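Please read the structure below before turning to the comments.
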Amino acid sequence: MSTPPAPADPAYRRLSADARREQLIRAAQGLFAHHAPEYVSPEDVARAAGVSRPLVYRYFPGGKQQLYEAVLLDAAEELERCFTEPRHGPLAERLARALDRYLAFVEDHAEGFTALLRGGGVAETSRTGAIVDRVRRAAADQIMAHMAVERPGPLLLMAVRTWISAVEAASLTWLDEGRRPGRAELRDWLVDHCSAVLAATARHDPQTAAALAAVGSPGPEGGAPR
């Protein structure tokens, strides 16, 4: 396990309260992206930001836990934006573009992403769990919006949530396997996986079949969902 960067001399600059808080969050984000939470301390954040330890506690009196939650909220917003896509064109093409952004985020935040999804770390709480669930709900909502479905039935909801879980599991395995296959190949596989899950659901659920037909997503063997 790698360790946080070596100490640096504090370099003080006059910043507004909002700018200073943002500076500290960015410094913490860089550390949590590459180190599990238990290996990062407020002192490490202070060194990375070039400020004093008391200054970190002034803005984050809850210490590492509060910093971690702030970073997690910021990451959640970025992940939610990954699934924001113009609502035109075939669903598979929209998903591919969203997954390109998502997998780039996973690759850039490998250690922190792994620690977050695997859980069990010292920074895990009900609040951090709620933030992760927020990202999952936002991703599901975006997919429903792309399918023009306002009130999904239980089968369609299960299908989409099952696929989101599969994306997370595949991402963790991809990191464990040294980012193999390549990112583009993984993206295409995940798009095909989504198409397969939705096509199977469409055989049992008229709502899913109608939604897929409307957005131009192929069903079994390239035909329209039945």
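The values are calculated or read from the model by the stated rules, or taken from the named source; none is laboratory data. The shown structure was predicted, so the numbers you read here are calculated from the model rather than taken from an experiment. As a convention, Cβ positions derive from the backbone with ideal geometry for all residues, glycine included, and neighbour counts pool all protein chains shown. Just so you know, the surface numbers come from the protein's heavy atoms only, side chains and all, with ligands and any DNA or RNA stripped out. Shrake-Rupley method; radii C 1.70, N 1.55, O 1.52, S 1.80 Å.
Nearest 10 degrees is fine. How inclined is helix 17-34 to the longest principal axis of the chain, computing both from alpha carbons?
70 degrees
How high is the relative contact order of the chain, in percent, counting Cα pairs under 8 Å that sit 6 or more residues apart?
19 percent
Would you give the gap between the C-alpha center of segment 46-67 and the C-alpha center of segment 89-165, rounded to a whole Å?
About 30 Å separates the Cα centre of segment 46-67 from the one of segment 89-165.
Can you give the FRET efficiency for MET158 and ASP18, using 1/(1 + (r/R0)^6), R0 = 45 Å, r = Cβ-Cβ distance, to the nearest 0.05?
0.60
Report, to the nearest 10°, how far helix 64-82 tilts away from the longest principal axis of the Cα atoms in the chain, using its own Cα long axis and a range of 0 to 90°.
Once rounded, the angle reads 30 degrees.
Which angle from 0 to 90°, rounded to the nearest 10, does the C-alpha axis of helix 206-215 make with the longest principal axis of the chain?
Roughly 80 degrees, rounded to the nearest 10.
222 nm [θ] for the chain, helices only, -39500 (n - 2.57) per DSSP H run of 4+, per residue, to 500?
-22000 deg cm²/dmol
In nm, to one decimal, how far is the SER165 label point from the GLU43 one, both placed 7 Å along Cα→Cβ?
Output for this residue pair reads 4.2 nm.
By the gyration tensor of its Cα atoms, with a ≥ b ≥ c the square roots of the eigenvalues, what is the shape of segment 80-164: rounded for a/c under 1.5, prolate for a/b over b/c, or oblate?
Cα axes put segment 80-164 in the oblate bin.
When ranked by the protection proxy of mean other Cβ atoms within 10 Å per residue, highest first, what sequence do the peptides 79-87, 15-23, 181-189 form?
Highest to lowest by the protection proxy: 79-87, 181-189, 15-23.
Please list HIS193, HIS146 in order of solvent-accessible area, largest first, computed with a 1.4 Å probe with all protein chains present.
Output order, biggest surface exposure first: HIS193, HIS146.
Ranked highest first by average number of other Cβ atoms within 10 Å, how do 106-113, 50-57 line up?
Result, highest mean first: 106-113, 50-57.
Given the whole protein assembly as supplied and a 1.4 Å probe, what does the accessible area of TYR59 come to in Å², nearest 10?
The accessible area comes out at roughly 60 Å².
For Cα pairs less than 8 Å apart in space and 6+ apart in sequence, what is the mean separation divided by the residue count of segment 18-108, i.e. the relative contact order in percent?
Value for segment 18-108: 23 percent.
How many Å² of accessible area per residue for the chain, probe 1.4 Å?
Heavy-atom SASA per residue in the chain reads 51 Å².
Suppose R0 equals 30 Å; then what is the FRET efficiency for ALA210 and ARG137 from their Cβ-Cβ distance, rounded to the nearest 0.05?
Result of the calculation: an efficiency of 0.80.
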